[in-house]
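A quick write-up on the structure given underneath.
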Amino acid sequence: MGRSGLAAATLALALAIAVRWILHRPLLPLRLRVRWRGRRLTAALMVGWPRLAYRAWITGRLPGPLRRRHSVHLPGVGPLRPPARDGRRRGTRILHLRPAPGAAAAGGPAASHPWRRLLAGDRWEIRRLSLRIVAGVVDAAATAWLAGSLWALTGAAAAVAGRRATGPVDVRVEPAFGRHAWALELECIARLPLWETMSAAWSLRSRRPPAAPAAGPRRGPRRPGAQP
């Protein structure tokens, strides 16, 4: 092997190491915003960069069905949305809180395993986390108990998130005495590793149960001599 071949091999090895390092570093931005006021719920998710991203929105009034819209943004192309169905807005899907019959058996508890493995790893980080909850009822004692319980839960969650946080973590629980109130505002900015995120998304996509065939009109037994 001459000098040129050795240089090419060294360059290829360095390039492979650099690609592997990039794929396993937390470089993929994730931004999640949730606003829940009364029965109205709005959530927005963006994974990627402004010109190269996957975006999803969920809106609705609980406990009714939710509407989900999602799109993929590509450089120089713009947003790509799936085709419209049933006359709804392009890229809109109805989500029901109750699982469909047989959905648990089709997906199984292992369906979320790739994401559990991603979150259990140590290659993702939280750049910013802000959570604000306002809760109250008419009775002052019940409001104090409710606020204390929420503070205990959010405090434990903030302690766990603080281990991954490289930026500020702000968690607040505000009691609303003398009135019925419920509001939640969440904003989270995180960074995920590219390879693990793509692997988890592809695994979940491949685990989707096949669509059930459309049921056609039922026909009874054909009579002897009858025309088809």
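Laboratory data are not the source of any read-out in this text; all were calculated from the coordinates shown. Here the structure is a predicted model, which is why all the values come from computation and not from measurement. Cβ coordinates were reconstructed from backbone atoms using ideal geometry, including for glycine residues, and neighbour counts include every protein chain displayed.
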Theoretical gain in end-to-end length, residue 8 to residue 71 [0.36 nm per residue, Cα-Cα removed]: 18.6 nm
Prolate/oblate/rounded call for segment 1-78, Cα gyration tensor, a/c under 1.5 rounded: prolate
Gained length - residue 80 relative to residue 141, 0.36 nm times residue gap less alpha-carbon distance: 16.8 nm
In range of the label at residue 128: residues from segment 19-44 whose backbone nitrogen is under 15 Å from the point 7 Å along Cα→Cβ: 29-34
Loop-located trypsin sites (Lys or Arg not before Pro) in segment 1-72 whose Cβ has at most 16 other Cβ within 10 Å (DSSP): 39, 51
Cβ-based exposure ranking for 49, 57, in which fewest neighbours within 10 Å come first: 49, 57
Förster radius 45 Å - calculated FRET efficiency between residue 158 and residue 15, Cβ distance, rounded to 0.05: 0.65
Part-to-part distance (alpha-carbon centres) for segment 35-66 and segment 154-176, which is given in Å: 21
Computed lengthening from residue 176 to residue 25, 0.36 nm per intervening residue step minus Cα-Cα distance: 50.1 nm
